[in-house]
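Asker: Below is a structure I'd like to ask you about.
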Amino acid sequence: MFTVVEMVNSMIDKVVYFLYVVRTGSFSDAARQYGISASAGSRWIIELEEKMGVSLLKRSTRKVVPTQAGERLFERFNHIHTEIDDIFTEIQNFSQSDRGVIRIASTPLFAKYFLSRIIGEYLSVHPNVSFQITETAFDVDHVEAVDFAIKASAVYDGFLEKDCLLVKRPILKYPLMACCSPKYVENHSMPFEPADLLSHNCLFASTLVGGNKWVFERQGEMETFEISATVEVEDSEFIRTVAIEGGGIAYLPVDLIKGDLDAGRLVPVLTDHMNSDFEFSLYYRPRKQMPSRCVNFKDYLLRRVQEIAEEVRYNQSF
């Protein structure tokens, strides 16, 4: 038979898992971050709703969102959960050694070319730290379940980012270029004005350039064009491969396609029009007490990203 303490702890576990579901919008993502199976997580939510006598989540094939009651539970308990985390962090910081888990959500491109190397280096010096990495194109409004989020986005003169309660540190910026394969030009012709893109196959990541709206600048004037959505995927290297095979016109960071441009696998498009920049940014919550392991890793990451980027530029490959 459960004791009162065991029953309370069980309820707290389920409510905290509920917070993860609301933050991620997914039962499976929340279960992975919380360290339980997706089936156990679904059962927890059912038991929590039965205990409270009210529906907390609306389920669909694309995303899980809170009901009105779920929103109230999230608002009230999320603050308490953050305060508890801060208390634990403050106590843990009395330790002189870096230990514990650092949780990071990162766009796949950054994870492959920078984060994997940086974490490998860091672990060789800090063996008591462990990492939990989620590769995803995500909404930075929901990163409470991780310590750091690394997001890629397209920025340009006059770009206004939506309000965000997170601290943002831009860490790398590359020019974006519209490009396609010579085979695509042979089959579909070369666009000479941004408006020509309306009749072309276009490949894009919605998190990078605002969905199917591409921004160009010419002689100081900004123009936005709604392109035809041929392929949409949150993976720049996937888009690059589709473009090389002649599938359409892509909008990609120059450093990613430099080798392809030099080898003639891709050709630049609309070179008279200045494109947006591809920016990697680090996001984290403003906290009274960030764990020392996170503070130290953040400082190391910010320093090493710049050093690795310089090495890459010197070697002329992304």
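Asker: What are the residues whose amide H is under 5 Å from the amide H of residue 135, where those residues sit 5 or more places off or on another chain and H is modelled from the backbone?
Answerer: 106
Asker: Now a separate question. How far is it, in nm, from the label point at residue 40 to the one at residue 310 when both lie 7 Å from their Cα along the line to the Cβ?
Answerer: 4.7 nm
Asker: Using a 10 Å cut-off around each Cβ, can you sort 74, 204, 238 from fewest to most neighbouring Cβ atoms?
Answerer: 238, 74, 204
Asker: While we're on this one: May I ask which of 112/151; 14/151; 151/298 have a Cα-Cα span longer than 18 Å here?
Answerer: Correct reply: 14/151.
Asker: In whole Å, what is the distance between the alpha-carbon centres of the stretch 108-130 and the stretch 13-45?
Answerer: Using only Cα atoms to place each centre, the spacing works out to 26 Å.
Read the figures in this text as sums done on the coordinates, not as results from a lab. Just so it is clear, the structure is predicted and the values come from calculations on it, not from any experiment. Positions of Cβ are generated from backbone atoms using ideal geometry, with glycine treated the same way; all protein chains shown enter the neighbour counts.
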